[in-house]
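Below: the structure, in structure tokens.
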Amino acid sequence: MIELPEVGPLLQRMGKELCASLERNQRTDPAVVGIHTGGAWVAQRLRDEFLPDAPLGSLDIAFYRDDFSQIGLQPGVRPSELPFSVEGRHLVLVDDVLMTGRTIRAALNELFDYGRPASVTLVTLVDIESRELPIRADILGTSLALPAGQRIKLTGPEPLQLTLNPIPES
């Protein structure tokens, strides 16, 4: 059985690393964008505690998925909310679990439909390391190797907690 880390300490370390990275790279006035749902929860926490002056937005990448034509529209699709201009802005893109890289690819496609950001810093709570696309997080909470047939999920928003679940059979 795999032991899952507590989310709170991961967020504290990630927030400190994010602030240091933004300062080191002179990325002033960033905006924080969370990918619905888990990424939005993580983005909210990081922004509230470490970047309180940064605007916060969220993306629902359902229409940008590369399997949209196969699986169709999923229930609960929400509009993306970016209450700021993306053009020329330093963005902090936040997701809960990075696995194949396809969600991040879809999120980047959607962001570029809004404009051309100056930079995108990718922040991810958990990396599963089963990449299909060459995408990696700039700021990472933890890396985990999962047992076959399992997936990790962030539940929340209160409390934020990682859970291990069986992959549903299709």
> How many residues are over 18 Å from the mean Cα position of the chain (by Cα) and at pLDDT below 70 when one looks only at region 50-75?
Replying inline: 9
>> Show the residue pairs meeting these rules: Cβ distance below 9 Å; 6+ apart or different chains; first residue within region 6-29 and under 21 Å from Leu91 (Cβ atoms); second residue in a helix (DSSP H, G or I) and basic (Lys, Arg).
In response: Leu11/Arg45; Gly15/Arg45
>> Name the single residue that is farthest from Leu93 (Cα to Cα) among those in region 119-133 being modelled with pLDDT of 95 or more and not acidic (Asp, Glu).
In response: Val126
> Can you tell me which residues in region 141-170 are closer than 26 Å to Gln12 by Cβ, surrounded by fewer than 12 Cβ atoms within 10 Å (Cβ to Cβ) and more than 18 Å from the chain's Cα centre (by Cα)?
Replying inline: Ala145, Asn165
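Any idea which residue in region 141-157 is modelled with the lowest pLDDT, counting only those that are of a type outside the set (Gly, Ala, Ser) and within 15 Å of Ala43 (Cβ to Cβ)?
So the residue we want is Pro157.
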>> Considering only residues that are outside any loop (DSSP other than H, G, I, E, B) and closer than 15 Å to Val123 by Cα, which ones fall in region 24-38?
In response: Ala31, Val32, Val33, Gly34, Ile35, Gly38
> How do the strands (runs of 3 or more DSSP E) wholly within region 72-170 filter down when requiring 2 or more residues that are more than 29 Å from Glu3 (Cβ to Cβ): which remain?
Replying inline: 90-98, 119-127
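Of everything in region 39-53, what is assigned to a helix (DSSP H, G or I) and in contact (Cβ under 8 Å) with a residue 12 or more places away in the chain? Give them in sequence order.
Gly39, Ala40, Trp41, Val42, Ala43, Gln44, Arg45, Leu46, Arg47, Glu49, Phe50
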>> Looking only at region 85-98, filter to residues that are crowded, with 16+ Cβ neighbours inside 10 Å and more than 11 Å from the chain's Cα centre (by Cα); which one of those is nearest to Arg116 (Cα to Cα)?
In response: Val86
> If we scan region 39-49, do we find a residue that is loosely packed, with under 15 Cβ neighbours inside 10 Å, of a type outside the set (Gly, Ala, Ser) and at pLDDT 95 or above?
Replying inline: yes
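The values are calculated or read from the model by the stated rules, or taken from the named source; none is laboratory data. If you're wondering where the values come from, they're calculated on a predicted model, not measured in any experiment. Cβ atoms come from the backbone with ideal geometry, glycine included; neighbour counts cover every protein chain shown.
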